[in-house]
1. Might you let me know whether region B:288-307 holds any residue that is part of a loop (DSSP other than H, G, I, E, B), among the β-branched types (V, I, T) and assigned by TED's automatic domain parsing to the domain that holds B:L209?
2. Go through region B:308-335 residue by residue and tally those that are within 12 Å of another protein chain (Cβ to nearest Cβ) and in a loop (DSSP other than H, G, I, E, B).
3. Pairs under 8 Å by beta carbon, first residue on the phi > 0 side of the Ramachandran plot in region B:62-76, partner polar (S, T, N, Q), six or more apart or different chains?
4. Could you identify the single residue in B:G274, B:G248 that is farther than 27 Å from B:A142 by Cβ, in a loop (DSSP other than H, G, I, E, B), more than 14 Å from chain A (Cβ to nearest Cβ) and over 19 Å from the mean Cα position of the chain (by Cα)?
5. Determine which member of the set B:F345, B:F281 is in a helix (DSSP H, G or I), within 14 Å of another protein chain (Cβ to nearest Cβ) and either within 19 Å of B:L232 (Cβ to Cβ) or modelled with pLDDT under 90 (or both).
6. Among the residues of region B:197-222, write down those that are of a type in the set (G, A, S) and either in contact with a helix residue (DSSP H, G or I) (Cβ under 6 Å, 6 or more places away or on another chain) or closer than 30 Å to B:L186 by Cα (or both).
7. Does A:K135 count as out of contact with any Leu (no Cβ under 8 Å at 6 or more places or on another chain), away from every other protein chain (no Cβ under 14 Å) and exposed (fewer than 15 other Cβ atoms within 10 Å of the Cβ)?
8. Restricted to region B:93-124, and to residues that are among the aliphatic types (A, V, I, L, M), in a loop (DSSP other than H, G, I, E, B) and more than 10 Å from chain A (Cβ to nearest Cβ), which residue is surrounded by the fewest Cβ atoms within 10 Å (Cβ to Cβ)?
Amino acid sequence: MRTLLSPLPNLGNISPGVPGRLRLLRTLSTSIPNLKKNDQLPPRPNIPDDSFTKRFLKGSGPGGQKINKTSSAVQLTHLQTGIVVKSQATRSRTQNEHIARRILAEKLELIEKGTESRVAKKQERASRKKRSAEKKSRRKYRKLADENPGVRAGEEGRQDEDLEEESEEDKDEEELGASEVVKMRIQLPLKPTDQVER
Amino acid sequence: MPRLPPVLISQAARLDRHLPLLLRECRDLNSARNELRWMQEAVDEPQREGSIGTRSAGPHDHALASFVKRRARGEPIQYILGTQPFGELDIKCRPGVLIPRPETEVYTTELARIIQKVQVEAEATSKHCYIVDFCTGTGCIALLLHSLLKPPTPQQHGKFRQLRIRGFDISQHALRLSAENTHHNLELRALHKDAVQDICFEHLDLLALAQQPKEKIITTLYHKYEAQPLDLIVSNPPYISPQQYKPGGSTTKSVRKFEPKLALVPPDSLLFDGVDQADQFYAALIRIAVASRARLLVVEVGDTEQALRVRDMCRAHQEAWIEIWKDDNTVVSDTGVPFDSRQGFEDRIDARVVAMWFDPEWIKWRKQSLVRRN
């Protein structure tokens, strides 16, 4: 583990031709325009205000001062397609509306553009990353097991768990950013090793 | 209240041991789970700010359990957690002051949109905006209007160089809390820094003011602002009748038990003859709006019957363009003709707001924009 977490000495080994991962790590902490061209996600989709109807759930019956509703759920219905999106993630209606609107926009984009949409690309990127992480983790533990058969079982279990958690991401940009950074810390020093092996 | 089905209770218990208790007040699993999650987040929060250590189970679980217990007794979650999100704002809530309702958030947002538009389209030169919020309580309407008309982020800078918002309340608890809310939201950067000068909260007995002669009303409202017209009077006054407030009435137990009656039921000293007790504040507000030549008066109401009573009251008083807004922001016009919906009153969504337009220029603009919207 110790060698894995000391990336600096290894940095010099990365050949200038394949610095994609390193760049990706850097851009997560700064801004999107720095991304490498082929890794760039399409812009976040948006939809016009008048293309959907908005409903605050629990809307009927007495309201106002007589009852203190804690439901902050917001439901959007897309007029053209009839797609319904509901959000009750937070206590804030404003926040829930933002969330529902984003999900609706993503759904529509997915229908319209298919694999070229932002969501699809994001998903693809995540699964690509997961695959390579799994591959690396297998390789790493095979190596570790060769050196020290006692460590293997427990360590591997933990690593798998970590990966599971990380691959659950998407939706939220910050969440995505955070989990990717965590992942990179493990991956970065491994990369040069991979190349050496290859 | 119908009994909770035992199946539901055991289903809840399997998910989390706190859920059956929460079901007592929440009544359905979905909202019980939501509330539990919010309480959990509130309990975890201080921990998050500190160092990331191992999560000490003891005191946290204790805090959560006590939250759940209070909630099961019907205490509003806003008093337990201390806040309620309102637009982009975070409004502090304390016993003694009415909790902001989501319906209020909806029409206040719409109101800000209207004010912004009418100022731009009906009178291109106007840089002033003067708003009075009666019965302001936590200050939520006044503060949300400010956050929407003069947003804190510089790129979407508002058009109003001079925005004046005065919030009035009879309760000292409310005045303290509204001042706190201004500073709280300034710290959160949810309000523009000018809010300190633009918004003030003052003590006022609305019913008493409405009894005063016209001159007194004018000097009270225009005291520092004589040069300006009063653009908007907005109010969410007490509007529940004693019958509706009684046990078995339409007011829920949690509201009766924990929220201030002062903010809910108008006093029984009926100052306006021939006006229902529930409608006393509307009579006062209409008189004040007419005397001060306000351009627009917007009030929250409890139900459709009350909305129609307020409409008739206003019509008897003054030439005005009167609208009734429902919870989903659809507008029903003076003549009962629905404007931007297919249905009139017969559908299940209650009337929530009566908007009374007095300024001829604004009325002209409003009628045109409603037609355009159709």
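1. Looking for residues that are part of a loop (DSSP other than H, G, I, E, B), among the β-branched types (V, I, T) and assigned by TED's automatic domain parsing to the domain that holds B:L209, one finds at least one in region B:288-307, hence yes.
2. The number of residues fulfilling the criteria is 4.
3. Final answer for the pair search is B:G74/B:S254.
4. None of the others qualify; the one that does is B:G274.
5. B:F281
6. B:A210
7. Yes.
8. B:A124
The values are calculated or read from the model by the stated rules, or taken from the named source; none is laboratory data. Just so you know, these numbers come straight off a predicted model, no measurement behind them. Neighbour counts are summed over all protein chains in view; Cβ atoms, including those assigned to glycine, are modelled from backbone coordinates with ideal geometry.
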